[in-house]
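Every number in this text was worked out from the coordinates using simple rules, so none of it is lab data. Computed from a predicted structure; not experimentally measured. Glycine gets a Cβ as well: all are built from the backbone with ideal geometry, and neighbour counts include every protein chain shown.
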Amino acid sequence: MEKKVEIDESLCTGCGACVAMCPARILKMEKGAAKVINQEACDMLGGCMYACPTGAIKVNRRAKAGSFFGF
Ligand code: SF4
């Protein structure tokens, strides 16, 4: 199954904006970069993606297509 959230570590500056933005707390800072620690709990709100100043985060809307409601 496609990942809900992906982080391009080569673009991450370690600012922490995404971690602060996520209400589901699926991200954490580790060794100066953001890491996804709980894909399953992601609500796919997209706040991390919009908060990231470097475009390092991608929220895959298609990953939700297989959910019960299909959106
Ligand atoms: S907001 Fe972007 S640059 Fe900042 S820690 Fe998160 S992924 Fe890295």
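Could you list, in sequence order, the residues of the range 27-46 that are loosely packed, with under 13 Cβ neighbours inside 10 Å and in contact with an Asp or Glu (Cβ under 9 Å, 6 or more places away or on another chain)?
Ile37
How many of the residues making up the range 17-52 are closer than 13 Å to Glu6 by Cβ, assigned to a loop (DSSP other than H, G, I, E, B) and aliphatic (A, V, I, L, M)?
2
Return the total of residues in the range 1-30 being more than 10 Å from the chain's Cα centre (by Cα), closer than 17 Å to Gly55 by Cβ and of a type in the set (D, E, K, R).
Within the range 1-30, residues that are more than 10 Å from the chain's Cα centre (by Cα), closer than 17 Å to Gly55 by Cβ and of a type in the set (D, E, K, R) number 2.
Within the range 1-44, which residues are near the ligand (Cβ under 9 Å from one of its atoms) and among the acidic types (Asp, Glu)?
Correct list: Asp8, Glu9.
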